[in-house]
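One structure is given here, and the rest of the page talks about it.
The values are calculated or read from the model by the stated rules, or taken from the named source; none is laboratory data. This one's a predicted model, so the numbers in the text were calculated from it and none came from an experiment. Cβ sites come from the backbone with ideal geometry, for glycine too, and all protein chains shown count toward neighbours. Protein only, heavy atoms only, side chains kept; ligands, DNA and RNA dropped before computing areas. Shrake-Rupley method; radii C 1.70, N 1.55, O 1.52, S 1.80 Å.
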Amino acid sequence: VLHEAGATRLGPPAVHWPGQAAAPDAMVGDAGWRVMRARFDAALRAQVRAAGVDLRAGHADAPLADGTGWTVGLRDGAPLVADAVVDARGRRASAAPTADRTLALAAQFALPDSAPAHGDAAHVERFDAGWVWAVPVAPRRWTAVFFLAAQRGAGRSAVQLNQLAAELLAGCPM
């Protein structure tokens, strides 16, 4: 599916935590993949349909185990009962009321010519406000996603959230 979707293999990730040397590649796992999400999702749907999977798109409630299988409430029809269910709701899933909430802010940026090139490895770094995951998308162009406590974004407008992302990017430890 990755190749059908035009995915590109990344080098081993570089992980940096304050006060610690960079983790060896063996400790941070294998290299990752850069995918164009729409192409990847379409290729994945085509492959599971070809395998005979009953793929349902639409609104669903959280799957419930009943001891013999699973029941999923479908908002546009009768409940689905199955031996196995893959919950692929992603960000659309409702979080439990007591769950810790995280704010993710994405930003794209270009490395200045004076900055060292980081190659094709994804970067994960911890900093005072949270942590950042960054991945190269083109030579010297990166996308970074900052993960913070949700309270940092509470009550902010979209413009203010963009300003916060710019501030985080300016102080990014990469």
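Tabulated data for the structure shown
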{"item": "The listed residue being assigned to a helix (DSSP H, G or I) and within 25 Å of M36 (Cβ to Cβ), out of L169, L105, L164", "result": "L169"}
{"item": "Condition met for A144 (surrounded by 15 or more Cβ atoms within 10 Å (Cβ to Cβ), touching a Phe, Trp or Tyr at 6+ places or on another chain (Cβ under 8 Å), modelled with pLDDT under 85 and not in a loop (DSSP other than H, G, I, E, B))", "result": "no"}
{"item": "The stretch 57-69 residues that are under 26 Å from D41 (Cα atoms), paired with ones that are among the basic types (K, R) and open to solvent by 80 Å² or more (accessible area, probe 1.4 Å) (beta carbon under 8 Å, 6 or more apart)", "result": "G58/R75; H59/R75; A60/R75; D61/R75"}
{"item": "Hits in the stretch 67-76 - residues which are outside any strand (DSSP E or B) and surrounded by 10 or more Cβ atoms within 10 Å (Cβ to Cβ)", "result": "G69, G73"}
{"item": "Subset of the stretch 123-174 (residues that are acidic (D, E) and free of Cβ contacts under 8 Å to residues at least 12 places away in the same chain)", "result": "D128, E167"}
